[in-house]
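Step one of this worksheet: look at the structure below.
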Amino acid sequence: MLHALRICLAILGVSAIAIALSIMILGAGATASLAESAFDAVSGWHGPPSGRWPATMDSELRFYAALWGAYGIIVLRAASGLPRTLPWAPWIAAVFFAGGLGRVLSRVRVGPPHPFFTLLMTIELTLPLIIAGLWLGGRSQARRG
């Protein structure tokens, strides 16, 4: 369980840092456009791409990208420090899940985004449950020695 948890956390941490760097360097709109294009190519979806992102949104998301990158660093630290950092796992999962809930709220209040972002929402709502399950199993494993 601890090994699987370490892998999940490492993938989440590296992904968060990579996304944060992309948003900081390329911008939020360019990062989204690249992700949407890749999704469209893999899934075969042929709907309209997201429109141009306003400067205010780009500014706001570049700000939050720094926090997302810091989250990624903390998640990587937790992954590398297991089992000592095992108590961090539920907090890491809860923060990620809260982000998914934010996407649900946006979908309800504003409308559905590009399907790529619906996929992200699905991941953000399910991966924390997997992390929580691995955390519970990891606690038992760590107690046994």
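The numbers here are math on the coordinates, done by the rules we state, and not lab data. Keep in mind that this is a model prediction, so the values were computed, not measured. Glycine gets a Cβ as well: all are built from the backbone with ideal geometry, and neighbour counts include every protein chain shown.
Residue farthest toward the positive end of the dipole of the chain, with Cβ of Lys/Arg at +1 and Asp/Glu at -1: which of GLY72, LEU34, TRP45?
It is GLY72, whose Cα lies furthest towards the positive end.
Taking 8 Å as the Cα distance limit and 6 or more residues as the minimum spacing, I'd like the relative contact order of the range 2-144 as a percentage.
35
Mind listing the phi-derived Karplus ³J(HN,Hα) values for the range 2-10, rounded to whole Hz, using 6.51, -1.76 and 1.60 with θ = phi - 60°, and x for any glycine or proline?
5, 5, 5, 5, 4, 5, 4, 5, 5
If you average the alpha carbon positions of the range 87-115 and of the range 1-51, how far apart do those two centres end up, in angstrom?
The distance from the Cα centre of the range 87-115 to that of the range 1-51 comes to 15 Å.
To make sure I understand, if each residue's beta carbon is the centre and we count other beta carbons within 10 Å, what order do TYR64, TYR71 fall in, fewest to most?
Ranking TYR64, TYR71 by Cβ neighbours within 10 Å, fewest first, gives TYR64, TYR71.
Please report the net charge: other residues with Cβ closer than 13 Å to the Cβ of GLY137, K and R +1, D and E -1.
+4
Can you tell me the order of 53-62, 117-126 when each peptide is scored by its average per-residue count of other Cβ atoms within 10 angstrom, highest first?
117-126, 53-62
Relative contact order for the range 94-145: what percent, with Cα pairs under 8 Å and sequence separation of 6 or more?
43
Net charge within 13 Å of ILE25 by Cβ-Cβ distance, Lys/Arg positive one each and Asp/Glu negative one each, not counting ILE25 itself?
Charge balance near ILE25 sits at 0.
Could you point to the label whose value was computed as Rg and Dmax of the Cα atoms in Å for the structure here, given [x] 14.8, 45; [y] 16.7, 54; [z] 18.5, 62?
Checking each listed value against the structure points to [y].
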